[in-house]
Amino acid sequence: MTLPGETLEEKFAFVRSVGFDGIELSARGDGIFGSRVDELRRARDAGVQMPTAVVHMDHFIGDFDADRRRDAIEQLKIQLSTIAAAGGTGIVSPHAFGLFSRRLPPFVPPRSVEDSRAALVEALREVGEHGESVGAKVYLEPLNRFEDFVINQLADAVSVVEEVGSSGVMITADTFHMSIEEAHIGESIRQAGSLIGHVQLGDSNRLEPGAGHYDWPETLDALEAIGYNGWLAMECGVSGPVDQVLPKVAKLLTR
């Protein structure tokens with residue numbers, strides 16, 4: 001969503017006024033996010049909380065094309081260094097977004113799931129090592145079956161992250177995607193446990209929490225059960241003006 005305000009400082013003042021504590025940024029490629037490092041440092045020094053950023057590119061670390069995959073890896077390294085300079089914790093990235101779905105024609109990907117998984121592990125080891133060196137993490141995000149064909153459930157991400165074996169790689173639990181893919185959301189969260197390093201919020205209709213039929217108490221109870229103390233970031237649309245919607249969301253999520 002777009003927040004009111006011309007500067008990060010103004011946007012942060014707004015989110016604080018409606019019950020939120022920070023801003024999740026958009027990490028654009030082609031060095032654009034990296035070029036903002038001085039702006040982000042100034043905002044950090046002014047007290048703006050910017051814990052995470054989401055990869056915002058048209059190719060990702062699981063791309064079929066070797067050159068695009070390599071570029072995504074290098075861009076992610078830049079983004080990790082930049083979010084660390086901003087005082088944040090990490091970058092949210094899926095395996096790939098919109099690259100292929102086994103649920104839609106032509107149904108058979110040009111690279112097997114096994115080979116794609118191996119390529120993902122390889123990429124995450126490289127960017128995880130970089131993340132460790134700069135003090136930031138990659139948060140691998142499972143996407144629903146129509147947006148990715150490799151990492152759809154938390155258990156898929158757990159398997160990959162455990163194989164990677166890097167403290168620079170953890171998992172993002174996104175409630176919208178979980179509403180499609182997880183049969184038992186609370187149990188899936190509990191099983192992923194301490195590997196969940198970030199949580200993104202979106203209701204069943206991909207609008208703000210409370211706008212759909214998602215079971216928020218189940219998720220909040222499960223996060224409490226695993227001792228999750230990280231950020232809850234809204235990655236969704238909103239059903240009305242942000243100054244009216246966000247206070248309702250803050251109230252819904254207050255435990």
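The values are calculated or read from the model by the stated rules, or taken from the named source; none is laboratory data. This one's a predicted model, so the numbers in the text were calculated from it and none came from an experiment. Ideal geometry is used to build each Cβ from the backbone, glycine not excepted, and the neighbour counts take in all protein chains shown. For accessibility, only protein heavy atoms count, side chains too; no ligands or nucleic acids. Shrake-Rupley method; radii C 1.70, N 1.55, O 1.52, S 1.80 Å.
Full-extension gain between Thr254 and His213, please, as 0.36 nm times their residue separation minus the C-alpha to C-alpha distance.
Between Thr254 and His213, full extension yields 12.9 nm more.
Lysines near Lys77 by alpha-carbon distance under 27 Å, same-chain residues fewer than 8 away left out - which ones?
Lys11, Lys137
Scattering from the C-alpha atoms of the chain alone, worked out with Debye: what is log10 I(q)/I(0) at q = 0.07, 0.09, 0.11 1/Å?
-0.22, -0.37, -0.57
With label points built 7 Å along Cα→Cβ from the Cα atoms of Asp67 and Asp30, find their separation and express it in nm.
In this crude spin-label approximation the distance works out to 1.6 nm.
Please quote Rg/Rh for segment 37-156 to two decimal places, taking the Kirkwood radius as Rh and restricting both calculations to Cα atoms.
1.02
Kindly report, to the nearest 10 Å², the accessible surface of Trp231 as traced by a 1.4 Å probe over protein heavy atoms only.
Surface accessible to solvent at Trp231 totals approximately 80 Å².
Please compute P(r) over all alpha-carbon pairs of segment 138-255, binned at 10 Å starting from zero, and give each bin as a whole-number percent.
Spelled out per bin, shortest first, that is 14, 47, 31, 8, 0.
Could you pull out every residue, at least 5 positions away or on a different chain, whose amide H is within less than 5 Å of the one on Phe149? Hs are placed 1.01 Å off N in the peptide plane, and Pro or chain starts have none.
For Phe149, whose amide H was placed from the backbone, the distant partners under 5 Å are Phe100.
Heavy atoms of the protein only, probe of 1.4 Å, neighbouring chains included. What is the accessible area of Ser17 in Å², nearest 10?
Approximately 90 Å² for this residue.
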